[in-house]
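Reviewing the structure listed below.
The values are calculated or read from the model by the stated rules, or taken from the named source; none is laboratory data. These numbers come from a predicted model, not from an experiment. Glycine also receives a Cβ, built like all others from the backbone with ideal geometry; neighbour counts cover every protein chain displayed. What goes into the accessible areas is simple: the full protein's heavy atoms, side chains included, and nothing from ligands, DNA or RNA. Shrake-Rupley method; radii C 1.70, N 1.55, O 1.52, S 1.80 Å.
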Amino acid sequence: MWGLHKFNFKTFLFATAILLLFSVTQSVRANNHFQSVPQIVNDTVPKKKLLRPGNVNPVRQQPVTPNIAPQIPANNINSVSPNSDTTRLPTDSLRPRNDTFSLRYSKDTLDAPVNYEAEDSVVVLVPEKKIIMYGKTKTIYQDVTLTAPKVELDQASNIVTAFNEKDSTGYVVTRARFEQGENKFESDEISFNFKTQKGFTKNTFTQQQDLFVQGETIKKINSNTLFIKQGKFTTCNLDEPHFDFFAKRMKVVNNKVAVTGFVQLEFEGVPLPKPIGLPFGLFPLSKGRHSGLLQPSFTVNEQFGLGLEGLGYYQVLNDNFDATIRGNLYSYGGWSINFSPTYRRRYKYNGALNLGLINSKINFKGDPDYSKTQAFNISWNHAQDPKARPGRTFSANVNAGSSQYNRAIPNDPRLNFQNQLNSSISYSKTWPGKPYNLTVSANHDQNNATRLINLRLPDAGFTVTSINPFKRKERVGSEKWFEKIGVGYSGSFRNQISFYDSAVTFSKLLDTLQLGANHQVPITLSLPPMGAFIVSPNISYQE
């Protein structure tokens, strides 16, 4: 029998509220489920057929990071079903992306670290971002090296300042020294910016080639260019030079050129009067060889008159070849010219050639001692490195020309009385591992007094050291007597021409032609000792 209970209204309201709260919670969970569905992205790749339960194994969905999970627009939430196949998207649309990470530097950051050291002490001022070094300091940044008794480094502005050291009397004991590549100088104070590569110095001393430069104030605008105020340049290496050239403004391009304004000459610090000077100065500072004019010199000669000697030009063609041309001019109408190329190749060979032409006139035409001479001379020197071509050597030493050439050279008594000229060109070759030797030469000698010239060309010689032609390569048993027969060869060939340069014709050259050859064939035999006697017969053939 069912038991009856009294109806309680408060209990009914409480149960209703619990049911409403439960239904709202389920609705919120359903909405959150829809919001976690990945967003459908229209890919650029062709669309693929959606996978169905009956097709190939479905692609496993990649997990999505909660922080970067894409969201479905609000107007599409109701159009997507939790059980829809669109949740199984192709893997290329959800391919993980690698984020790029870049480290940004501040604009005032240096390109390289700054290394510094000090013999005495280093003081670091953290609030001011400064480092002060005392003693024998050394600061290095890339190709810049700064040494000074005291250095102050400002990290905020990237400016380093170096100071000199003075004694109790105010005399400078040690200067600050700056080096950057080939640019070196010493100063009382140096201020340099690591970032901009610009600097400012006071009372600076520097050297450019053989030129010493001193500037009251120098501004460095880059690694190669300097602007100098109140500058002095000289070849004297003293702090107080005996003489110098003074200019208020100067520009120096390292290892290239120095340009100045008005230049005054000073002696012991005392300048010449203002009107005396040069309007500007241009000084080349290039290293190594460079082309340019050659400075002439003035001369006086009783036979040739007033002269301008040594005027010429030097031309650099490449690293292995250059040439010089010089000329002399005289007031009596004479002239001469010399062309001198040189060549060299390291570890191979080197040589020089000189071709000279003279058209000399002594005194004026009509004078009793008037004479005119036209002559030429050629000289050539060539030397080969012994290691360049093992087994082969070539050398040349040529000095030939007209018999009157040396006499026509002015102001050179040594050549005026040199009457004998000689030349020699030789080539030799040996065959490694073989008994052959070849020599070929051409020789020349002439007497300027008698004007007799002798030429020997070609002069060849070929020798073969003794060989055993009957010796077996693979000997079986004792050596036979005929295997000890030795045969050698020595041959020479010479062609000689002698003539006077006063009257040279082709027919006369043929009349003085002499040629011949000499051949020698020695044959030796070494027999075994016969008791106390040793018999070594030999035969020699010569023609």
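Things to note:
- Annotation for Ser424 and Leu272: the two label points, set 7 Å from Cα along the Cα-Cβ direction, are 5.5 nm apart.
- In the full protein context, the stretch 403-517 carries 64 Å² of accessible surface per residue, based on a 1.4 Å probe and ignoring ligands, DNA and RNA.
- The stretch 289-336, accessible area per residue, ligands and nucleic acids excluded (1.4 Å, Å²): 63 Å²
- Taking packing as the residue-averaged number of other Cβ atoms within 10 angstrom, the listed peptides 357-368, 441-452, 151-162 run from highest to lowest as 151-162, 441-452, 357-368.
- Subtracting the Cα-Cα distance of Val123 and Lys219 from their residue separation scaled by 0.36 nm leaves 31.7 nm.
- Rounded if a/c under 1.5, otherwise prolate or oblate - the stretch 229-357, Cα gyration tensor axes: oblate
- Computed over the stretch 281-437: relative contact order in percent, which uses C-alpha pairs under 8 Å that are six or more apart: 14 percent
- Counting only heavy atoms of the protein chains and using a 1.4 Å probe, Arg175 has close to 60 Å² of accessible surface.
- For Lys361, the lysines whose Cα falls under 20 Å of its own Cα, not counting residues fewer than eight places away in the same chain, are Lys372.
- The lysine pair count for the stretch 412-543, using Cα distances under 24 Å and pairs eight or more places apart or on different chains, is 7.
- For the stretch 204-287, the share of accessible area belonging to carbon and sulfur comes to 61 percent (1.4 Å probe, ligands and nucleic acids excluded).
- Under 18 Å from the Cα of Lys202 - lysines, other chains or at least 8 residues apart: Lys150, Lys166, Lys184, Lys219, Lys220, Lys229, Lys232, Lys248, Lys251
- Reported to the nearest whole Å, the Cα centre-to-centre distance from the stretch 411-488 to the stretch 187-221 is 65.
- One chain, two ends: Phe298 and Asn538. Fully extended at 0.36 nm per residue, the span grows by 79.1 nm beyond their Cα-Cα distance.
- Counted by Cβ distance under 9 Å from Pro241, the other residues give a net charge of -4, where Lys and Arg count +1 and Asp and Glu count -1.
- Here is the list for the stretch 215-280: GluC sites (Glu not before Pro) lying in DSSP coil, each with at most 14 other C-beta atoms within 10 angstrom of its C-beta, are Glu268.
- Annotation: aspartates and glutamates with alpha-carbon distance below 15 angstrom to Lys129 (same-chain offsets under eight excluded): Asp108, Glu152, Asp154.
- Of the whole protein surface, Trp431 contributes about 80 Å² of accessible area at a 1.4 Å probe radius.
- Accessible surface of Asp369 - all protein chains present, 1.4 Å probe, nearest 10 Å²: 90 Å²
- Placing a label point 7 Å from the Cα of Val257 along the Cα-to-Cβ direction, the residues of the stretch 269-291 whose backbone N falls under 15 Å of that point are 280-287, 291.
- Protein accessible area in the stretch 303-346, 1.4 Å probe - carbon and sulfur %: 58 percent
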